[in-house]
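Asker: To start, I am sharing the structure in question, which I have written as structure tokens.
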Amino acid sequence: MSKDNIFKSTIMFTDIVGYSAMVNKDQEHAMELLSMHDKIIEPIIKQNGGEIIKKIGDSFFVEFQTPESSIITAQNAQIELAKRNEVSNQKDKVEIRIGLHNGDVIRKDDDLFGHDVNLCSRIESSAPAGGIAASADLIEPLSSKEFPYREMGYVKLKNITHPQKLYKIYKSKEEHELESSSTLQKYLQDYGIDIIDMDSYSIIDTFSFAVLYTKNLGAEEHESIAYSITEELINDLGYIDTLRVATMNDITQYNNSELDKSDIGRKLQVDNIIYGSILTQDNQTKLNFEFLDISTGKILWKDSWSDSIINLKNIRRHILDGILQQFEIEIPKELSDSLSEEMSTNTKAIEAYNAGKYCCLDFVKNKSDLEQAKENLKTALDLDQNFIEAYYLLSITCERLGNLEEAESLLNKGLIIAEKKNSMRGKSHIHRGFYLLYVRWGKYAQAIEHVENALKIVMPLNNSMLESQLRQDYATSLNKLQKPELSIEQNKQAVEIIQKMENERMLGVSYANLNDSYLLLGDLSQAIDFGEKAIAIFRKLNMPNLIAIASNWVADAHCRIGQYEEMNLKITEAEKLISGLNDFFREGKIEFFKSHYYLNNNDYTSALNHIDLSIDKFTLGKNTVQEIQSSIEKLKILIEAGSIEKTTIIITKIDHLINQIKGTYKNLIFVSIKYYVEAYNGTTDINSIHKLLKELNDMDDFRFPLVYWYLAKTYYILEETDLSIECHQKAKTILNNECSLNSNPAHQKSFLNAFFNKRILADIEPMVTEENQDIVQVFAFCPSCGYNNEGQFAFCPSCGNDLKQ
């Protein structure tokens, strides 16, 4: 290797947006698209004097002689790809991000290293899809202003201590003129780009690591040892506040990767890589580990040694000592104490435990994997009946197999042993096992008790990862118990920890949980804000399933708040993402929201069609509660459509579904609708209605105005005028109280204009039936935009024009 040569250079990184998802969906097609991408990009690079340092999977790493040539290359590459995409089917489109930077690089043979190289790879990940991002170091010194660009702001790049001032470079002046600064900022916000207010930002010096998946050089049965070493090292590093560590989920995708270690590090957005191999023979394991600084390309530490797998904690300590001394960091006492706790002294028990752990955690493909895990973990306990961690994992396995009573029994045994040994690690594991079990069982009060106990143990350990996970667990259980205020408190504490850890996936999950909490609390404004934050992060991480989940939640808030167009945008995005996945629950929710969209346009036929589809989806998904709720929605639509005679059979079906649910399930909106239909049919038991009214009046903080509204309509039919007025007034009072919970004044206005909320605020009128309702004539085509009004909409879905004649 030649002597290091440090010099100024202009560099570029490119990356295909969502390429990993393409590979997972259709590897052969993804490879064809990659080949096409290369044929477009490579000639443009060469035409502008760029030197391709290397291809990194779907990425190019390129060096240029001047900033100007790098910008021209980036613009031309994006222009050519955009032209191709205009005439391509959706599945054949390819978008790339490009990052540009000018800084100090270290040349080693045919490769480039240095902090600025790592920085440029992070800049690329902050570029808009189909766009170009460049550092201030590249843009600001340019004397020529011929390149159209706009400031993005100071962006917090992952595991880079100092936020970087970045610019978006446009393909043309015309494109620049089409996007305002505010539009750009909205895009960056929607895609999770973290813009920093430098006046309030505090810089914290940290080090970033990735523990790559340990390579097993021996028999396949020893793969579980490699997995265990990798996972435990990641957990160990979580005890050190100044370290930022890639998660197991992050590094698993690079298992057996052919990429260089430094390139994997850049993909993982870390500056240091720990990697190694094991070879297990005759109860001895030969280990080789290295610690690489990818900024310099130098190996800072390496060692080869042998040990028994029974000494796994000594092995981890040896590796930790080797890497932490490079940063003059001592192993914290809490971690040292954890490493001194023995799981078991039986080699065979540890081997069986590792094999079970491997099967029941990250590598479950089917039920047989869980059955194999159960067999291995039972073997571990047969060999060592005091093996606390084996009790925990066996309980998790039984819970996943549906054997809840067996899981509970195992945890009780494990807890007795953990308390007897005073094993802090063991007790925290067992309590989390109880939490997971009781959440699955629906016993949320007991789940909370155990997650609280686990938190009390973990907090003194100063392990940020464990604490944040437990606080998220705690918050989830509190939401299940309808305690959103307490859930918000826990989630915000989790967010504070997670932001310091720079774990974007966990941050997105916390924001999604906060969305759920504010939905329960009734502050739909805050629910939308946190839901959008979650979606932005999941978009940035290209996690389509989580985007779909969060989009459904945000759609729910928009629906309740009366923002039907915004709701429709969310469900359209979610629908594309779950297409073909047979996700009946989310498909059912999407059809439910579509029904509200058409209902708002007084298109009762379409509204009923979509609510029927919603019911069908929930039936297929065997989600009885959601099937009931969609069926109740159908009742409401039929009544609005004047088809009250069609409600009787639906009411009978709902009663049947409610009887199928074990335990107590009561929906007061359904009860009030039943009384309304009975009043119309002349079969009313007036005493039952009075009893319901008294029950409602005795409730504290009752929050469902529709119940009182349907009672008001019922009393109106029965000519009980005073009671009708009383119920109607209470419905309006509750509605106004619910409206005030929304923290955004604009949302309060739209809330009162939501479909049923408008009905509540209007006067109680005589029953509308198909016979007596006024027939509204509508235009066949919109006079304003020409929309073909086959759906008989009262308002144009395209431009909003009034279509009533």
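The values are calculated or read from the model by the stated rules, or taken from the named source; none is laboratory data. Keep in mind that this is a model prediction, so the values were computed, not measured. When we count neighbours, we look across all protein chains shown, and the Cβ atoms used for this are built from the backbone with ideal geometry, even at glycine.
Asker: Quick one: is Ser59 closer than 17 Å to Val94 by Cβ, polar (S, T, N, Q) and surrounded by fewer than 18 Cβ atoms within 10 Å (Cβ to Cβ)?
Answerer: no
Asker: Could you list, in sequence order, all residues of the stretch 492-503 that are buried (at least 19 other Cβ atoms within 10 Å of the Cβ) and in contact with a Leu (Cβ under 9 Å, 6 or more places away or on another chain)?
Answerer: Ala494, Val495, Ile498, Met501
Asker: If I go through the stretch 735-758 residue by residue, how many of them are in contact with a helix residue (DSSP H, G or I) (Cβ under 8 Å, 6 or more places away or on another chain) and either in contact (Cβ under 8 Å) with a residue 60 or more places away in the chain or within 24 Å of Ser595 (Cβ to Cβ) (or both)?
Answerer: 16
Asker: Oh, and also: Could you identify the single residue in Thr14, Thr10 that is in contact with a Pro (Cβ under 7 Å, 6 or more places away or on another chain) and either at pLDDT 95 or above or of a type in the set (A, V, I, L, M) (or both)?
Answerer: Step by step, each of Thr14, Thr10 is checked, and only Thr10 is in contact with a Pro (Cβ under 7 Å, 6 or more places away or on another chain) and either at pLDDT 95 or above or of a type in the set (A, V, I, L, M) (or both).
Asker: Next up: State the number of residues belonging to the stretch 457-484 that are more than 16 Å from Tyr444 (Cα to Cα), in contact with a Ser or Thr (Cβ under 9 Å, 6 or more places away or on another chain) and not small (Gly, Ala, Ser).
Answerer: Result for the stretch 457-484: 6.
Asker: Of the residues in the stretch 620-631, how many are crowded, with 17+ Cβ neighbours inside 10 Å and assigned to a helix (DSSP H, G or I)?
Answerer: Of the residues in the stretch 620-631, 6 are crowded, with 17+ Cβ neighbours inside 10 Å and assigned to a helix (DSSP H, G or I).
Asker: Still on this structure: Can you name every residue in the stretch 95-133 that is closer than 17 Å to Lys156 by Cβ, crowded, with 20+ Cβ neighbours inside 10 Å and of a type in the set (Gly, Ala, Ser)?
Answerer: Across the stretch 95-133, the qualifying residues are Gly99, Ser121, Ser126, Ala127, Ala133.
Asker: Please give the number of the condition Ile717 fails out of (1) under 33 Å from the mean Cα position of the chain (by Cα); (2) more than 30 Å from Lys622 (Cα to Cα); (3) of a type outside the set (S, T, N, Q).
Answerer: Result: Ile717 passes all but (1).
Asker: How about the stretch 298-318: which of its residues are at pLDDT 95 or above and either outside the structural domain of Asp241 (by TED's automatic domain parsing) or under 33 Å from the mean Cα position of the chain (by Cα) (or both)?
Answerer: Once the filter is applied, which keeps residues that are at pLDDT 95 or above and either outside the structural domain of Asp241 (by TED's automatic domain parsing) or under 33 Å from the mean Cα position of the chain (by Cα) (or both), the stretch 298-318 yields nothing.
Asker: Restricting attention to the stretch 15-31, does a residue exist that is assigned to a strand (DSSP E or B) and either without any contact (Cβ under 8 Å) to a residue 12 or more places away in the chain or surrounded by 14 or more Cβ atoms within 10 Å (Cβ to Cβ) (or both)?
Answerer: Yes.
Asker: Same structure, new question: Any idea which residue in the stretch 536-573 is farthest from Leu524 (Cα to Cα), counting only those that are at pLDDT 95 or above and of a type in the set (Lys, Arg)?
Answerer: Lys570
Asker: Considering only the stretch 691-719, how many residues are assigned to a helix (DSSP H, G or I) and either surrounded by 14 or more Cβ atoms within 10 Å (Cβ to Cβ) or in contact with a His (Cβ under 7 Å, 6 or more places away or on another chain) (or both)?
Answerer: Result for the stretch 691-719: 16.
Asker: Here's a follow-up. Criterion first (modelled with pLDDT of 95 or more and either outside any loop (DSSP other than H, G, I, E, B) or surrounded by 14 or more Cβ atoms within 10 Å (Cβ to Cβ) (or both)) does Glu645 satisfy it?
Answerer: Here the answer is no, as Glu645 does not meet what is asked.
Asker: Would a scan of the stretch 45-62 turn up a residue that is touching a helix residue (DSSP H, G or I) at 6+ places or on another chain (Cβ under 6 Å), under 15 Å from Phe13 (Cβ atoms) and part of a helix (DSSP H, G or I)?
Answerer: yes
Asker: Here is a further query. With the structure loaded, tell me whether Glu399 is within 22 Å of Ala447 (Cβ to Cβ), surrounded by fewer than 20 Cβ atoms within 10 Å (Cβ to Cβ) and out of contact with any strand residue (DSSP E or B) (no Cβ under 8 Å at 6 or more places or on another chain) or whether it fails that test.
Answerer: No: the conditions fail for Glu399.
Asker: So, in the stretch 134-144, of the ones that are hydrophobic (A, V, I, L, M, F, W, C) and touching a Gly at 6+ places or on another chain (Cβ under 9 Å), which residue ends up surrounded by the fewest Cβ atoms within 10 Å (Cβ to Cβ)?
Answerer: Once the filter is applied, the top-ranked residue is Leu138.
Asker: Filter the stretch 159-193 for residues that are crowded, with 18+ Cβ neighbours inside 10 Å and assigned to a loop (DSSP other than H, G, I, E, B) and give the result.
Answerer: Asn159, Ile160, Pro163, Tyr170, Lys171, Gly192, Ile193
Asker: Please verify whether Phe593 is under 15 Å from Phe756 (Cβ atoms) and either of a type outside the set (Ser, Thr, Tyr) or surrounded by fewer than 22 Cβ atoms within 10 Å (Cβ to Cβ) (or both), treating the condition exactly as stated.
Answerer: Against the criterion (under 15 Å from Phe756 (Cβ atoms) and either of a type outside the set (Ser, Thr, Tyr) or surrounded by fewer than 22 Cβ atoms within 10 Å (Cβ to Cβ) (or both)), Phe593 qualifies.
Asker: Moving on. What is the one condition in (1) over 17 Å from the mean Cα position of the chain (by Cα); (2) in the same structural domain as Leu741 (by TED's automatic domain parsing) that Asp556 does not satisfy?
Answerer: (1)
Asker: Going through Thr605, Thr572 one at a time, which residue ends up being in contact (Cβ under 8 Å) with a residue 40 or more places away in the chain and part of a helix (DSSP H, G or I)?
Answerer: Unique residue meeting the criteria: Thr605.
Asker: Please specify each residue of the stretch 587-607 satisfying the condition of being within 14 Å of Glu640 (Cα to Cα) and out of contact with any strand residue (DSSP E or B) (no Cβ under 6 Å at 6 or more places or on another chain).
Answerer: Listed by number, the residues that qualify are Ser595, His596, Tyr598, Leu599, Asn600, Asn602, Asp603, Tyr604, Thr605, Ser606, Ala607.
Asker: I've got another one for you. Among the residues in the stretch 141-155, are any within 24 Å of the chain's Cα centre (by Cα) and in contact (Cβ under 8 Å) with a residue 24 or more places away in the chain?
Answerer: The answer is yes, given that some residue of the stretch 141-155 is within 24 Å of the chain's Cα centre (by Cα) and in contact (Cβ under 8 Å) with a residue 24 or more places away in the chain.
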